[in-house]
Amino acid sequence: MTSLAVLDRYLHAGDRAVADRVAVADHHGGGWAPMTYGELDRRSSAVAGWLAAQGVEPGDRVVLLAESGGDWAAAFLGILRRGAIAVPLDVKLGAGELAPLVARSEPSAALVSKAATGRWADAAVRAVPVLDTGERAREAAGREADVDRPLSEPAVVVWTSGTTGEPKGVTLSLANLAYVARQSGLIQGARPEGRWLSVLPPNHLLELCCGLLPALEAASTTFVAGTIVPHELASMITECRVDQMVVVPVVVRLLERRVESQARKADATGAYLRATMAVAHRVPSRRLRRLAFLPVHRRLGGRFRTLYCGGAPLEADVVRFFERLGIEVFQGYGLTEAAPAVTMNCRRHNRPGSVGRALPGTEVRISPAGEILVRGPGIMIGYWNDPAATRAAVDDDGWLHTGDLGHLDPDGYLFVTGRAKSLIVLDSGKKVAPEEVEAELTRSELFAEVCVVGLRDGHRTGEQVCAVVVPAVPLSRDAAEEEVSRVTAGLSGFKRPTAVRILDRELPKTPKQSHRRAEIARMLEETEARR
């Protein structure tokens, strides 16, 4: 199979039964702007034709800087139809953040949304042809501009978010993407009548390969929310009769707090929810639990059943909360270098607390040092123009060294325990995984955000476990320290934070909503030095 055959699986070109079905619908001004599969085919063809007219050749890089939605999907597929390499960048980055990524990508053209035009102009390091993704590429070019390439050749360069250092350009083939999209769709049970709500940016592979592409391959409909505000998401789930979402933990927690806020209300609905939630854990059947929470499910359109969660660890309490409502939350694990899915839980194989079993065809093993190693069809070609970094990440036997710590149980379920590079090393030589401490701190309703880092005080060779908290309500330092002690009391003594720092602003995050731990640690060190 070659590239155009795979792309036809997403476009359904020539399939009259699918041509008029909505592929992607964007939320604009209180309504929905739909794009059918037929229009997606025509629009992506027009993009390929425009690139050909600008002299873009197979293997050239083309930057894609646009908001999520139908225009983004048409632009992305159009780049691949031309045989070029797509370089999707985060549309929320500032010009100063974009400039080095653009320079290192050496693009031959760019597809830029109207809203991002100013930042692109400031970030572009050289003049290249630019196409407005929303306005100009309207007329289809037919198949004249399409180029068929081997699936093993580079198709996408995704720049990592750089939480621990300089971003790297993860280079993936269409074979990598297609493998993960196909396996994800099978595990998720993607089907033509499926209705997905998209809340994550597609320049991150979790949404692209576990959301958008599986939905397109199944001829489903994807509704692009453009928000993660809980009451707005709830309205969209209801209006569009959504049945599943691909999310990161922050979205799951926001939805949980939305339901909890409804349960705290002093009205009949609140009383009903409180009473039902108190006994729901005793009801063994998910179907009966859905009946018990019928008012909640009616408000969510009656079809909403599944959340697929990745990108960061999710607390078991949150999973159990949705289980009581009759909504399944399946965790998975992956990384950009694996396109990105490695393991997934699903209805047939689900072990709460784990991140699931390996995708069919993917191997997972644990090194003697406890590091998770991965080998399989999703593993990247390498880092763009960085052979030394590639050799450091993927060994001669094809095993990707993830930098994550974990263990496998006897049934092959993977449990992730932390990041090797984020371990806090104490004076005693003991090591603490900050993710484990954070899982306890997030139980507190007094904290809006938490991050655990290693803090040096200048008098020790090792580090302290430092809890950085953003209060959800006004808190004194003493109150914050008492709350940290209370919620971490169940941890071993050496894991409990010995320092607490309060911040009154949002913690810095990557585009995937992971905390920039290294940046937070540097910020604290500078503050301590000034003190």
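The values are calculated or read from the model by the stated rules, or taken from the named source; none is laboratory data. Everything numeric in this text was worked out from a predicted model, so none of it was measured. Neighbour counts are summed over all protein chains in view; Cβ atoms, including those assigned to glycine, are modelled from backbone coordinates with ideal geometry. With ligands, DNA and RNA removed, areas are computed over all heavy atoms of the protein, side chains included. Shrake-Rupley method; radii C 1.70, N 1.55, O 1.52, S 1.80 Å.
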Inset, instruction - Using the structure shown, select from 92/114; 92/168; 430/509 the pairs with a Cα to Cα distance greater than 23 angstrom. - result: 430/509
Inset, instruction - Pull out the extension gain between residue 417 and residue 20, defined as 0.36 nm times the separation in residues minus the alpha carbon to alpha carbon distance; nm, one decimal. - result: 138.3 nm
Inset, instruction - Compare 151, 455 by solvent-accessible area with a 1.4 Å probe and give them largest first, with all protein chains kept in place. - result: 151, 455
Legend entry - Å² of accessible area per residue within the chain, as computed with a 1.4 Å probe and no ligands counted: 43 Å²
Legend entry - Protection proxy ranking of 178-189, 396-407 - average other beta-carbon atoms within 10 Å, highest first: 178-189, 396-407
Inset, instruction - Indicate the gyration tensor shape class of segment 331-435 (rounded, prolate or oblate), computed on the Cα atoms with a ≥ b ≥ c the square roots of the eigenvalues: a/c under 1.5 is rounded; otherwise a/b larger than b/c is prolate and the rest oblate. - result: oblate
Inset, instruction - For every helix of n ≥ 4 consecutive DSSP H residues, a contribution of -39,500 (n - 2.57) applies; sum these over the chain, divide by its total residues, and give [θ] at 222 nm rounded to the nearest 500 deg cm²/dmol. - result: -10000 deg cm²/dmol
Inset, instruction - Check the straight Cα-Cα distances from residue 431 and name the aspartates and glutamates below 13 Å, setting aside those fewer than 8 residues away within the same chain. - result: 463
Inset, instruction - Taking the chain as the reference, fit the longest principal axis to its C-alpha atoms, fit the long axis of helix 477-487 to the helix C-alpha atoms, and give the angle between the two in degrees, 0 to 90, nearest 10. - result: 80 degrees
Inset, instruction - Label segment 169-218 by shape, choosing from rounded, prolate and oblate, from the square roots a ≥ b ≥ c of the eigenvalues of the Cα gyration tensor; if a/c is under 1.5 it is rounded, and otherwise prolate applies when a/b is larger than b/c, oblate when it is not. - result: oblate
Legend entry - Between segment 504-531 and segment 1-30, the alpha-carbon center distance in angstrom: 42 Å
Legend entry - Part-to-part distance (alpha-carbon centres) for segment 185-243 and segment 40-115, which is given in Å: 22 Å
Inset, instruction - Please work out the Cα center distance from segment 348-375 to segment 397-412, rounded to the nearest Å. - result: 6 Å
Inset, instruction - Place a +1 charge on the Cβ of each Lys and Arg in segment 141-215 and a -1 charge on the Cβ of each Asp and Glu, then give the dipole magnitude about the Cα centre in debye, rounded to the nearest 20. - result: 220 debye
Legend entry - Cleavage-rule hits, chymotrypsin sites (Phe, Trp or Tyr not before Pro), segment 400-456, DSSP coil, Cβ neighbours within 10 Å at most 16: none
Inset, instruction - Normalising by the residue count of segment 362-408, find the relative contact order in percent from Cα pairs under 8 Å and 6+ residues apart. - result: 45 percent
Inset, instruction - Quick one: P(r) of segment 143-237 from all Cα-Cα pairs, 5 Å bins, percents rounded to integers, in order of increasing distance. - result: 3, 12, 17, 18, 19, 16, 10, 4, 2, 0
Inset, instruction - Go through 432, 326, 355 and say which Cα lies farthest out towards the positive end of the charge dipole of segment 300-442; charges sit on Cβ, +1 for Lys and Arg, -1 for Asp and Glu. - result: 326
Inset, instruction - First compute the accessible area of the chain with a 1.4 Å probe, then give the percent of it belonging to carbon and sulfur atoms. - result: 51 percent
